[in-house]
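*Asks:* The structure under discussion is supplied below as structure tokens; questions concerning it will follow.
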Amino acid sequence: MNNPVIAIDGPSASGKGTVASRVAAVLGWAYLDSGALYRLTALYAEQQGVAWGDEAQVAALAQALPVRFADGEIYLHNAAVGAAIRAEHIGMGASQVAALPQVRAALLQRQRDFAAHSPLVADGRDMASVVFPDAVLKIFLTASAQVRAQRRALQLNLPLEGAAFEQILHDIEARDAADRNRAVAPLQQAADAVLLDTSDLNIEQAVKKVIDCYRQIEN
Ligand code: C5P
């Protein structure tokens, strides 16, 4: 029998990673940050001198990604890269390599394997639509671009107005557009997903909403 999966999709900086990992912790389930795999692929390509647009070569790197997740850290060839993959330019690279069908295909089974030995909470853009279409619960977690930019600025200790803030807002909107408008596995709310707008919710409230949804279907 397949392990149950909760799929949480949403745009960048929506807080879905934090919410998904906390839901996993509350339930005692495994957690998959699928965006990390695309970020790792972009970083690995950069390290290997492969252009992000070179589909065949990037897909080959994605297939062979020497990644290890251990104790909350991510290792690429045994070097810790948790911080390096969060850089904004790697996020843009991830968005670029994620638009390549061969790269998505190369990462598909690797993502499904996370549910092989444990129930799983998975977050990304196409968890509900492509990777785990049989997920027991599908959540589309979002917030307005303005609120997401404010959260990112707070994380970075930047003011909530001015040129730096406008740049953050611009980057978020650009990545949204790239993720929504691409031909393969675009970011969209699955027909059977529950919409969770966190613009006016804090993390605890959002986690509780997801857990409540799960308890409802579990009973
Ligand atoms: O979620 P995160 O911001 O880490 O994802 C980085 C990029 O990877 C996204 O902008 C998106 O283009 C891509 N991605 C994807 N499918 C996923 C997860 C991430 O296309 N399941």
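The values are calculated or read from the model by the stated rules, or taken from the named source; none is laboratory data. Since this is a predicted model, take the numbers as computed values, not measurements. No Cβ is skipped: glycine too gets one built from the backbone with ideal geometry, and neighbour counts run over all protein chains shown. Just so you know, the surface numbers come from the protein's heavy atoms only, side chains and all, with ligands and any DNA or RNA stripped out. Shrake-Rupley method; radii C 1.70, N 1.55, O 1.52, S 1.80 Å.
*Asks:* Does ARG180 satisfy being loosely packed, with under 15 Cβ neighbours inside 10 Å, basic (Lys, Arg) and away from the ligand (no atom under 16 Å from the Cβ)?
*Replies:* no
*Asks:* From the list ASN202, ASN219, ASN157, which one is at positive phi and more than 17 Å from the chain's Cα centre (by Cα)?
*Replies:* Among ASN202, ASN219, ASN157, only ASN157 is at positive phi and more than 17 Å from the chain's Cα centre (by Cα).
*Asks:* Examine the range 47-57 for a residue that is under 19 Å from the mean Cα position of the chain (by Cα), outside any loop (DSSP other than H, G, I, E, B) and within 15 Å of the ligand (Cβ to nearest atom), and state whether such a residue exists.
*Replies:* no
*Asks:* Any residue at all in the range 4-17 that's under 30 Å from VAL194 (Cα atoms) and open to solvent by 60 Å² or more (accessible area, probe 1.4 Å)? Reasoning before the result, please.
*Replies:* Looking only at the range 4-17, we keep the residues that are under 30 Å from VAL194 (Cα atoms), and these are 4-17.
Adding the requirement that they be open to solvent by 60 Å² or more (accessible area, probe 1.4 Å) leaves none.
No, because not a single residue in the range 4-17 is under 30 Å from VAL194 (Cα atoms) and open to solvent by 60 Å² or more (accessible area, probe 1.4 Å).
*Asks:* Return the residues of the range 107-147 that are more than 13 Å from the ligand (Cβ to nearest atom), in a strand (DSSP E or B) and β-branched (Val, Ile, Thr); say none if nothing qualifies.
*Replies:* Once the filter is applied, which keeps residues that are more than 13 Å from the ligand (Cβ to nearest atom), in a strand (DSSP E or B) and β-branched (Val, Ile, Thr), the range 107-147 yields VAL121, ILE139.
*Asks:* Would a scan of the range 18-37 turn up a residue that is of a type in the set (D, E, K, R) and either assigned to a helix (DSSP H, G or I) or within 14 Å of the ligand (Cβ to nearest atom) (or both)? Let's see the steps before the verdict.
*Replies:* Applying the first criterion (of a type in the set (D, E, K, R)) to the range 18-37 yields 22, 33.
Restricting the remaining residues to those that are either assigned to a helix (DSSP H, G or I) or within 14 Å of the ligand (Cβ to nearest atom) (or both) gives 22, 33.
Checking the range 18-37: at least one residue is of a type in the set (D, E, K, R) and either assigned to a helix (DSSP H, G or I) or within 14 Å of the ligand (Cβ to nearest atom) (or both).
*Asks:* Looking at this structure, is ASN181 free of Cβ contacts under 8 Å to residues at least 24 places away in the same chain, within 22 Å of ASN2 (Cα to Cα) and not aliphatic (A, V, I, L, M)?
*Replies:* no
*Asks:* Here's a follow-up. Can you run down the residue pairs with Cβ atoms below 6 Å, 6 or more apart or on separate chains, where the first is in the range 98-117 and open to solvent by 30 Å² or more (accessible area, probe 1.4 Å) and the partner is within 13 Å of the ligand (Cβ to nearest atom)?
*Replies:* Between residues of the range 98-117 that are open to solvent by 30 Å² or more (accessible area, probe 1.4 Å) and residues that are within 13 Å of the ligand (Cβ to nearest atom), the close pairs are ALA99/ARG182; PRO101/VAL184; PHE114/LEU32.
*Asks:* Still on this structure: If I ask for residues that are aliphatic (A, V, I, L, M), under 11 Å from ASP9 (Cα atoms) and within 13 Å of the ligand (Cβ to nearest atom), which ones from the range 183-195 would you list? Break it down stepwise before answering.
*Replies:* Kept after step one, since they are aliphatic (A, V, I, L, M), are these residues of the range 183-195: 183-185, 187, 190-191, 193-195.
Okay, now just the ones that are also under 11 Å from ASP9 (Cα atoms), so 187, 190, 193-195.
Correct list: LEU187, ALA190.
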